[in-house]
Amino acid sequence: MTTQHRNLRTGQPIWLGKAAPSVKFDALMDDITIDIAIVGAGISGALMAESLTEAGYSVAVLDRRKPVMGSTPASTALLQFEIDTPLHHLAKQIGLNDAERAWKRSKLAVDALRERTRDLGIACEMKDRDSLYIAGDLLDEKGLQREFLSRQRAGFETRYLSHDDLQSRFGIDRGAALMSFDNIEANPRKLALGYLNVAINRGARIYAPVEVATVEPRSRDVLATTKEGRKIRCKYFISATGYELPEHVPKKGHEIISTWALTTVPQREKLWPERCLIWEASDPYLYMRTTQDGRIIVGGEDEEFEDEEKRDAKLTSKTNAILKKLKKMFPRITAEADYAWTGSFGSSTTGLPFIGAIPGMDRCYAVLGYGGNGITFSMVASQLVRGLITGTGDPDENIFAFR
Ligand SMILES: Cc1cc2nc3c(=O)[nH]c(=O)nc-3n(C[C@H](O)[C@H](O)[C@H](O)COP(=O)(O)OP(=O)(O)OC[C@H]3O[C@@H](n4cnc5c(N)ncnc54)[C@H](O)[C@@H]3O)c2cc1C
């Protein structure tokens with residue numbers, strides 16, 4: 001399976017400047033036979049490996065980079081159940097029933113991620129945070145009212161904040177906002193390494209750097225071959241290769257775009273009350289969160305091109321543009337960047353990922369966890385693919401299936 005080669009990120013993401021647990025990995029020196037081969041040792045592969053080792057399978061995770069060195073350490077890690085596409089917009093695209101189910105599944109995934117991470121004792125700076133979705137050019141005050149009613153109808157606890165509520169409670173001078181509850185912020189690198197270590201403790205092996213070059217479903221198993229010619233025989237094969245898309249997976253409705261993010265200097269005393277996750281109902285949107293050491297992580301300014309040189313060349317100008325927008329929203333803060341980075345980013349027409357069996361390839365699965373909810377969708381993927389492999393199935397299989 002040839003996957004695309006990308007320069008996934010450039011600059012210095014905050015998580016790579018901080019200490020993180022180590023993870024054991026080896027070179028692949030011999031052919032192996034295993035129940036499940038997972039390609040990709042980012043957050044998607046890590047959650048999948050943990051879930052499948054818990055189900056009793058022997059698992060090998062293979063990556064052409066060192067573990068957790070793809071997109072995952074570039075993530076700003078606002079772990080939200082609110083899908084990028086507003087519920088009432090998604091309902092127009094895929095029908096009300098499926099849209100509500102996708103949103104509910106996303107909520108369940110965030111809850112499951114919180115509970116499982118706590119249960120497994122993974123230290124990853126995880127903190128529960130409410131979120132503010134602020135009126136912008138995609139949804140103005142009236143649009144937010146419509147979204148509020150759609151969410152309420154579907155059973156989501158949501159509060160509509162008027163301009164005055166927003167101003168007095170959070171010091172934000174914008175038309176209105178929706179407040180949602182019980183989202184999460186975390187350190188995505190520690191999160192992924194933590195899940196990989198749980199899988200390793202149950203017997204999983206990580207092989208890196210190993211490039212998986214071909215995959216061939218056969219009558220009783222799947223044969224994958226590395227660039228160096230090593231053979232991996234497995235019962236099931238899972239591609240969790242992030243934004244380096246595999247050749248044999250349908251890609252209609254997907255595109256790779258460019259995004260920028262930064263972290264300010266620490267300024268605990270100047271942060272907004274309650275330290276909610278904040279994002280705008282705009283396209284592209286500005287979004288922000290805080291860190292344990294009192295910094296602000298802020299990102300956005302997305303552009304619809306995938307040219308990496310062009311993306312990297314804009315790092316300074318985009319950093320300045322994001323800082324300016326941040327200062328406009330919170331005039332008191334110190335708008336100075338300590339870390340700034342840029343990366344490729346997946347986007348789909350619905351905001352939903354594609355997860356499931358690869359058409360025409362028996363016992364082969366893929367996870368394309370797109371967009372601003374990438375990590376939430378990695379969690380959905382680990383649950384859904386486990387259900388398909390173990391035979392219990394998944395009630396939302398059709399919503400996320402490759403077509
Ligand atoms: C700047 C930025 C901000 C983001 N913010 C958020 C956010 O706030 N919230 C959120 O939920 N999501 C966010 N995301 C999205 C989220 O980070 C991604 O969806 C997630 O990290 C993808 O994880 P992954 O494991 O699928 O991919 P990756 O971490 O990229 O891992 C895939 C791995 O597959 C390996 N690979 C590829 N092809 C092969 C091959 N042929 N052989 C061997 N190995 C291979 C790669 O080397 C890579 O290490 C953000 C992303 C970016 C870039």
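Observations
- Search result, residues across region 191-228 that are in contact with a Phe, Trp or Tyr (Cβ under 6 Å, 6 or more places away or on another chain) and closer than 27 Å to Pro21 by Cβ: Ile206, Ala208
- Considering region 64-93, and only residues there that are surrounded by fewer than 23 Cβ atoms within 10 Å (Cβ to Cβ) and assigned by TED's automatic domain parsing to the domain that holds Ala41, the residue that is farthest from the ligand (Cβ to nearest atom) turns out to be Lys66.
- Filter result for Asp63 (within 21 Å of the chain's Cα centre (by Cα) and farther than 24 Å from Leu315 by Cβ): yes
- Residues that are β-branched (Val, Ile, Thr) and within 17 Å of the chain's Cα centre (by Cα) within region 98-141 comprise Val110, Thr117, listed in sequence order.
- Search result, residues across region 164-206 that are among the polar types (S, T, N, Q), part of a helix (DSSP H, G or I) and crowded, with 16+ Cβ neighbours inside 10 Å: Asn197
- Applying a threshold of 7 Å to beta carbon distances and a minimum spacing of six or more residues, or different chains, the list of pairs starting in region 384-398 at a residue that is more than 19 Å from Lys107 (Cβ to Cβ) and part of a loop (DSSP other than H, G, I, E, B) and ending at one that is modelled with pLDDT of 95 or more and not hydroxyl-bearing (Ser, Thr, Tyr) reads Gly393/Gly387.
- Subset of region 229-246 [modelled with pLDDT of 95 or more, more than 15 Å from the chain's Cα centre (by Cα) and either of a type in the set (Gly, Ala, Ser) or farther than 18 Å from Leu47 by Cβ (or both)]: Gly229, Arg230, Lys231, Ile232, Arg233, Cys234, Lys235, Ser239
- In region 356-385, the residues that are modelled with pLDDT of 95 or more, farther than 21 Å from Asp98 by Cβ and either away from the ligand (no atom under 16 Å from the Cβ) or surrounded by fewer than 18 Cβ atoms within 10 Å (Cβ to Cβ) (or both): Asp362, Arg363
The values are calculated or read from the model by the stated rules, or taken from the named source; none is laboratory data. Everything quoted here is computed from the prediction, not taken from an experiment. Every residue, glycine among them, receives a Cβ derived from its backbone with ideal geometry; neighbour counts consider all protein chains shown.
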